[in-house]
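**Q** Let me begin by handing over the structure; questions about it come next.
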Amino acid sequence: MPNPGKAKNGSAIDALDLLRADHEKVKSLFREFDSLRGIDDEDERKSELVDEICYELTIHTMIEEEIFYPIVRDAIDDEELMDEADMEHTGARELISQLEVMYPGDDHFEATVSVLGEEIAQHIEKEENDIFEAARAAGIDLDGLGERLSSRKEELDEDLSAPPAPLDALLPHEGARRAPRAPN
Ligand SMILES: [Fe+2]
């Protein structure tokens, strides 16, 4: 898989560009889901989209929480902004964990995707407007950070794409989604 943290010429991509590309990807998945709302024939595609949304958001929130947020929190003087971002991730994780065991046709399936999409859109807007700007103004080494985010992303992608451990067979909901679950 190509390294998303490297441009084709091998030069580094800055951390904010990498995170922004993740945001665009997930927003386009939500847009596609939205275009299929209410169409029963598209249940299979809707299910795939939700798997992909949960997967992308899980990896993205993990690299932000493990690497990006702590560095920004240290560099800027705005605990409230960072605390709110953390709480928004917690809220998103809650909806993701509900969606992991839901299917098209289930009660509130489309509504849950739609609420998650709205919350994520607001979170992204605040992140790009406030947190990204603060990170840039604080003089953080964004190329070095982009490198770290990119390699952690690859690692998580490998871990989370690995075949499920045998313990998964014991899950109470037979056939539950295999989308990754972020650690607390
Ligand atoms: Fe983000």
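**Q** Just one of the numbered conditions (1) over 13 Å from L116 (Cβ atoms); (2) of a type in the set (S, T, N, Q); (3) touching a His at 6+ places or on another chain (Cβ under 6 Å) is not true of S35; which one?
**A** Here S35 meets the rest and fails (3).
**Q** Name every residue in the range 70-80 that is free of Cβ contacts under 8 Å to residues at least 60 places away in the same chain and either in contact with a helix residue (DSSP H, G or I) (Cβ under 8 Å, 6 or more places away or on another chain) or of a type in the set (S, T, N, Q) (or both), in order of residue number. It would help to see each step written out before you state the result.
**A** To start, the set of residues in the range 70-80 that are free of Cβ contacts under 8 Å to residues at least 60 places away in the same chain comprises 70, 73-74, 77-80.
Of everything in the range 70-80, those that are free of Cβ contacts under 8 Å to residues at least 60 places away in the same chain and either in contact with a helix residue (DSSP H, G or I) (Cβ under 8 Å, 6 or more places away or on another chain) or of a type in the set (S, T, N, Q) (or both) turn out to be R73, D78, E79.
**Q** Among the residues of the range 109-144, write down those that are under 19 Å from the mean Cα position of the chain (by Cα) and farther than 23 Å from K27 by Cα.
**A** Within the range 109-144, no residue meets the criteria.
**Q** Are any residues in the range 115-134 more than 10 Å from the ligand (Cβ to nearest atom), surrounded by fewer than 18 Cβ atoms within 10 Å (Cβ to Cβ) and under 25 Å from D34 (Cα atoms), and if so, which ones?
**A** V115, E118, E119, A121, Q122, E125, N129
Values in this text are rule-based calculations from the coordinates and carry no lab data. From a predicted model like this one, the values you see are computed outputs, not experimental measurements. Positions of Cβ are backbone-derived with ideal geometry, glycine not excepted, and every protein chain shown enters the neighbour counts.
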